[in-house]
Structure formats: structure tokens, C-alpha cells
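Asker: Starting off with a structure, shown below.
The values are calculated or read from the model by the stated rules, or taken from the named source; none is laboratory data. Just so you know, these numbers come straight off a predicted model, no measurement behind them. FYI the Cβ positions are ideal-geometry reconstructions off the backbone, even for glycines, and counts take in every protein chain you see.
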Amino acid sequence: MRNAIAIAVGWVCLVAGGCNQGITDKDIKMIGIDEVRRLTVDADKPSALLIDARPPRAYERARIRGARSVQLTDIRADRTGANPDFGPYKTLVVYGEDPGSAPARALAKRLLTSGYDGVRMFSGGFAEWSGAGLPVEGSGDAKTPDSDTSR
């Protein structure tokens, strides 16, 4: 019976990403809007990839220009299977809807667990970016966010 419980706990940790080699919110390096601009929009050759952790529907409607949609399930919890799209970038900037975005925090931790060193989280998220009138793209209105129900 104990073996079954240990296997079940291990499975939950693996699938849910709950056991992440000691990585906590304190390990996530936060950056503000000025730093995100410097690494992306204002750079001649951007050194950072923007990663939108919001639900795909919100991403399709409006996103920071040049961002890619990545969900937690897209990133393996171990150090295998690196994403080739991330290769040319020194920094991966994850953002959610706002500073309280649980999916963005979870994705940043998963990336760190998976061996990506240059992970940062944009503290203001999409709400701050679009509220500042900075470049967005998508199919709809940037002012109507999809609710982030996983907080």
C-alpha cells in the first residue's frame, strides 16, 4: 500500500509540476516594463523571447507584439526535450494577464526546472503593457482580457 501511495504522489508531482526541484516563487526573477521594452521592442535585435502564459483564447485576441503562446503542458518537467524555438534567445520573459497570474508563475518555474537559465517574469503582465499603449497584436480588443480562472 505504501508503494502505491509513493507512486501516486510521484505521478502527481511529475504530471502537475508540483515537485519542482526546490524552485519557488522566490527563484523567479521579476522585471518591469522598462526592462521588457529594452530587451524586446527597443532592441535592434531582441535578445529576449516573450512567452504569453495566458489561455490560448486570450493570446489570440490580443498579445504583446512578437510573443509566443506557451502553456505549462508544453514544457516538460525534466531537463529533456528543449524547445528549439527558445534556442536563439538568452532570456525568456514570461507574462500573464497581471501580477497575480498563477499560470505565468507556474510556467516560469517549469522553465527553470527544465534547465532554462535566463527566465524572467514580467511583473505587470499584459494589463500593464496594453494599459501603457505599447504594441499589441491579435484578432480583437486588447482592453478585454480573458479571465484568468486558474489564480
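Asker: Restricting to region 87-132, give me the number of residues that are of a type outside the set (Gly, Ala, Ser), part of a helix (DSSP H, G or I) and either under 11 Å from the mean Cα position of the chain (by Cα) or surrounded by 19 or more Cβ atoms within 10 Å (Cβ to Cβ) (or both). Break it down into steps so the answer makes sense when it comes.
Answerer: First, pick out the residues of region 87-132 that are of a type outside the set (Gly, Ala, Ser): 88-95, 97-99, 103, 105, 107, 109-113, 116-117, 119-122, 126, 128-129.
Next cut, part of a helix (DSSP H, G or I) only: 103, 105, 107, 109-113, 126, 128-129.
This time we only want the ones that are either under 11 Å from the mean Cα position of the chain (by Cα) or surrounded by 19 or more Cβ atoms within 10 Å (Cβ to Cβ) (or both), so: 103, 105, 107, 109-113, 126, 129.
Looking only at that region, the number is 10.
For every residue, the table says whether it meets (1) at pLDDT 95 or above; (2) on the phi > 0 side of the Ramachandran plot; (3) in contact with a Pro (Cβ under 8 Å, 6 or more places away or on another chain).
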position	(1), (2), (3)
ARG2	no, no, no
ALA6	no, no, no
THR24	no, no, no
LEU39	no, no, yes
ARG63	yes, no, no
ILE75	no, no, no
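Asker: Name the one entry in ARG76, ARG63 that is over 17 Å from GLU137 (Cβ atoms), among the basic types (Lys, Arg) and under 14 Å from the mean Cα position of the chain (by Cα).
Answerer: Answer to the selection: ARG76.
Asker: OK, next. Mind listing whichever residues of region 32-83 are of a type outside the set (D, E, K, R), surrounded by fewer than 20 Cβ atoms within 10 Å (Cβ to Cβ) and assigned to a strand (DSSP E or B)?
Answerer: SER69
Asker: Right, here's the next one. Would you check which residues across region 41-61 are basic (Lys, Arg) and modelled with pLDDT under 95 and list them? Talk me through it step by step, then tell me what you get.
Answerer: Keep residues of region 41-61 that are basic (Lys, Arg), which gives 45, 54, 57, 61.
Result: LYS45, single match.
Asker: Only one residue in ALA132, ALA142 is of a type in the set (A, V, I, L, M, F, W, C), modelled with pLDDT of 95 or more and at negative phi, so which one is that? First the steps, then the outcome.
Answerer: Numbers: ALA142 fails: modelled with pLDDT of 95 or more.
Just a single option satisfies the conditions, and that option is ALA132.
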